[in-house]
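The values are calculated or read from the model by the stated rules, or taken from the named source; none is laboratory data. Everything numeric here is computed off the predicted structure, so don't read it as measured data. For neighbour counting, all protein chains shown are included, and Cβ atoms are generated from backbone atoms with ideal geometry for every residue, glycine included. When the accessible area is computed, the model is the full protein with side chains, heavy atoms only, and any ligands, DNA or RNA have been set aside. Shrake-Rupley method; radii C 1.70, N 1.55, O 1.52, S 1.80 Å.
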Number of protein chains: 2
Amino acid sequence: MTDKRKPEWAPEGSGTEFASRVVVGKQSPASSISQHVTVHQVKHVDITSLVEGVKSCNRTMLSKAITLIESNSDKHFEKGQELLKQLLPYSGSSIRIGITGVPGAGKSTFIECFGLWLIEQGYRVAVLAIDPSSSISKGSILGDKTRMELLSRHADSFIRPSPNAGVLGGVARKTRESILLCEAAGYNVILIETVGVGQSETTVRSMVDFFLLMQIAGAGDELQGIKKGIIELADLIVVNKADGDNIQRAELAKQEYNNALHYLRHATEAWVTKAVTCSSVNGTGIKEIWEIIQNFKISTSKSGIFTQRRTTQNTEWFNTLINESVLHSFYQQSRIKESLPILQKKISIGELPVAMAVAELLNQKT
Amino acid sequence: MTDKRKPEWAPEGSGTEFASRVVVGKQSPASSISQHVTVHQVKHVDITSLVEGVKSCNRTMLSKAITLIESNSDKHFEKGQELLKQLLPYSGSSIRIGITGVPGAGKSTFIECFGLWLIEQGYRVAVLAIDPSSSISKGSILGDKTRMELLSRHADSFIRPSPNAGVLGGVARKTRESILLCEAAGYNVILIETVGVGQSETTVRSMVDFFLLMQIAGAGDELQGIKKGIIELADLIVVNKADGDNIQRAELAKQEYNNALHYLRHATEAWVTKAVTCSSVNGTGIKEIWEIIQNFKISTSKSGIFTQRRTTQNTEWFNTLINESVLHSFYQQSRIKESLPILQKKISIGELPVAMAVAELLNQKT
């Protein structure tokens, strides 16, 4: 069931740019949450009250702030950026943890278990999802909230699904900005979940401090199916579902990963990535995972790598956005849209050298 | 010894854009080749005679054509592209083979041995080098010609060193265009040599049909030191120097590579990359390497992958060149040069959100 609809709350005069796609997530038998998300209605965007609302950790206001940021409309861009500007001084003091893994690795169950445990320790936990494919598969509003039922009900948690489907770059910008808003609202552990498909891990890696790769024990051929590149992004590999009669296989998989990690580059300077096991069902390994993350934060903070990475991420994001924008406006020109396929054709049949075609396209004298 | 000088041949009215850097290469004791390259002098660029000269495989004319292509001057760009345009219909019918490996792997000795063997079989062999670091290390005119003494003297070979130092992108464009010129001159095996440093392998991969990674047996820890990414670009791994008391170690290294290749992605669809040994000293394995390359060409041609890759390479090159040119002219604007560091500063101290800074930079209304 896919149903494109406008959320109950939307800025005055807004159009379809606020449409949200509601997709049925993985159904849990225990789920009793309504199929429709209720968001309070407001009639206009008041930056000052949004800023105050976010700062006082009003979850409804935080939701609205994120919705504003996620709007694809030019007229909301300005307001969203103004909001961010005012909240920037209150952001930054969290640990940003990326979590990836193939569908079925148990990411949601893990996040539910890990999140609740963190809240018990006194942390405030925000969960964001980045998934360019969310509108066509799963991982949407209902999916996430259904799968993380207890966590989503807790007063100290905040769960926000992927922005509406779009190009990964756009989704990434929105998630980056949502992280800042969540931090301004006082969430000090931010979990960014992504499904292990293609580019999205690299994107998440570029916005988090710590990257956790979730795996499950397979038929002994762990290493064959995994992309080396993704392992090399990870600061920790967690073999999930180490419970019941699966414990031994999970331990074996852990060892295989630890062997393989010998031969691979580590994601973070002066940090040795290793593999551990955990069970989201009975909670074993959860505490140890958090201790590893704490150690990571302490040692990278001491060495300066923690801050340095955030600065680099920010600079790279800035550069990427500039380049994307410049190229976007170039390719948007009707002159370019017309010439491009013609030149492409000429190149493919060997009628024009590539550099000459480029010169022609840029309207330089050839 | 580094000596920046103008070649004896240069178009009329040319300036320092034709300067070539002459660097001493690895000295072979047997070398008796003069330290200075002799190129015939001409006084003006006559496209028609260059086209005819290249088509009739006049090596001097081919050299001149490449020198024209390599010029960094705007005024020669037009003529160079016109030359290429006229020669394009005669290009394409070769196998383009990339050869990479760390310094000391024996690439030049292999190319000398392999090239001479190919000429014996009736092929015409052109050797191009792509090495952005050539001006500061080795691999220049004299280096290459000295190290491939017999091959460089042979009437059926053509050896051309790296274009003068520059950004990799620029060097790459020139090498791509040189490939086309060599093909138009009737060379049917094009060897593109690069040294294993950073980006250059990816660049060479993007312009060849077949990519050969040259390795030597080390102290048994072959796999530790190699970047997985480079192995995943290769269509064949050649363990060189399998001669004398090194044979056993080379065989062992070969086996290790073959094991490792199990776990890695292959560079070419439906082609299984494997490792073999060879000796450039006594010629063992040379024939087998050529057979592998022949099989590669036959099977990828049959499946259409051969042509498809060339088309994709051309399209990607076109797109890359467009993007580079567009971004280059954007960043060249003095307004941008001024604002960029100021905005960067504001971002780093958290005064401005990134997307707002980008909007400001692009002079959009924020």
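Tabulated data
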{"read-out": "For segment B:36-127, the Rg and Dmax computed from alpha carbons only, in angstrom", "value": "15.9, 42"}
{"read-out": "Part-to-part distance (alpha-carbon centres) for segment B:247-283 and segment A:319-353, which is given in Å", "value": "40"}
{"read-out": "Charge sum, other residues only, whose C-beta stays under 12 Å from A:W290's C-beta, Lys/Arg counted +1 and Asp/Glu -1", "value": "-1"}
{"read-out": "Two-site label geometry, B:S303 and B:N363: point separation in nm, points 7 Å out along Cα→Cβ", "value": "5.1"}
{"read-out": "Accessible area buried at the B-A interface, both sides summed, 1.4 Å probe (Å², nearest 100)", "value": "4100"}
{"read-out": "Residue pairs, from the table A:K346/B:K64; A:K241/A:K274; B:K75/B:K337; B:K64/B:K174; A:K85/B:K345, whose Cα atoms sit over 19 Å apart", "value": "A:K346/B:K64; B:K75/B:K337"}
{"read-out": "Segment B:48-128, relative contact order [Cα under 8 Å, separation at least 6], %", "value": "17"}
{"read-out": "Coordinate range along principal axes, alpha carbons of segment B:45-90, Å, largest first", "value": "28, 20, 14"}
{"read-out": "Nm distances between copies for B:V272, ranked from closest, using label points 7 Å along Cα→Cβ", "value": "3.7"}
{"read-out": "Summed side-chain charge close to A:Y187 - residues other than A:Y187 whose Cβ falls under 13 Å, Lys, Arg +1, Asp, Glu -1", "value": "+3"}
